[in-house]
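Enquirer: Have a look at the structure that comes next, please.
Readers should treat all values here as calculations from the given coordinates under stated rules, not as data from a laboratory. None of these values were measured; they are calculated from a predicted model. All Cβ positions, even for glycine, are placed from backbone atoms using ideal geometry, and neighbour counts span all protein chains on display.
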Ligand code: G3P
């Protein structure tokens, strides 16, 4: 399973990348706003840090303008993955970017298996179902992931399931159990994956006993 971080915070991305756990980055207009920087500068900086796909989102809602924005964003770096919304124009842009620009495309704002089916037919590299936002409205985000997985397996679609709007470490576990290809999670959620009270307790006990030996390694 690949780990992407869902942030435009360059400092966080640099730190997580140094851990060797990062396979890519996802951004969106809200995260660019939060970063306080310009989309081109922030995205370029991220692409210089991370070798894997870096999703940068178009904000146009009409096909022609989406394509113009896609061309512009693609020039930032070779590892830019163009993110388009799951609309008819977005799907048309997805197909065109894949066939004419030969670029990765992440189709975002997916909330149903049928939407994911359309994105796969449009040749999307990634589909981003938002599990947290489905849970927010008393749906079950993970049920949607499982259904998309089954549909993609039924037809051998190459589109990777990129689980987004991840809010908890349990979302990560459930996505992995279902066999989703990627999770994108906020930095704090990725860091929380390592935490276990018994690890902390066990380490403290080992260190206390080691101190009593009076030895040194090396
Ligand atoms: O990856 C999409 C993500 O940024 C949305 O997360 O928590 O705002 O639903 P959230």
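Enquirer: As a test of understanding, state the convex hull volume per residue of the chain from its alpha carbons, in Å³. Please list the in-between numbers first.
Expert: Details: hull volume 33.0 nm³, N = 218.
Each residue corresponds to 151 Å³ of Cα convex hull volume.
Enquirer: Taking only the Cα atoms of region 80-184, how large is their convex hull per residue, in Å³?
Expert: Values: hull volume 8.9 nm³, N = 105.
Cα-based convex hull of region 80-184, divided per residue, equals 85 Å³.
Enquirer: Please give the helix 141-155 orientation as an angle from the longest Cα principal axis of the chain, in degrees from 0 to 90, rounded to the nearest 10.
Expert: 60
Enquirer: For residue 33 and residue 151, compute 0.36 nm times the residue count separating them, minus their Cα-Cα distance, and round to one decimal in nm. It would help to have the intermediate numbers written out before the result.
Expert: On the way: separation 118, 0.36 × 118 = 42.48 nm, distance 3.50 nm.
Working it through step by step, the gained length comes to 39.0 nm.
Enquirer: Okay, next question. Which residues in region 156-179 have a backbone N closer than 13 Å to a point placed 7 Å from the Cα of residue 195 along the Cα-to-Cβ line?
Expert: Counting only backbone N, you get 168-170.
Enquirer: What Kirkwood Rh does region 1-130 have if only Cα atoms enter the pairwise 1/r average? Answer in Å. The partial results should precede the final answer.
Expert: Numbers: mean 1/r = 0.0686 Å⁻¹.
Its Kirkwood hydrodynamic radius stands at 14.6 Å.
Enquirer: Take the alpha carbon atoms of region 20-44, find their center, do the same for region 134-159, and report the distance between the two centers in whole angstrom.
Expert: 26
Enquirer: Additional query: Hey, what did region 2-213 get for relative contact order, percent, Cα under 8 Å, at least 6 apart?
Expert: With pairs under 8 Å counted, the relative contact order is 16 percent.
Enquirer: Okay, moving on. On a 0 to 90 degree scale, rounded to 10, what angle separates helix 39-49 from the longest Cα axis of the chain?
Expert: 50
Enquirer: Could you check which residue among 168, 87, 199 shows the biggest mean-square fluctuation in a GNM of the chain with a 10 Å Cα cutoff?
Expert: Maximum fluctuation in the GNM of the chain, among the listed residues, is at 199.
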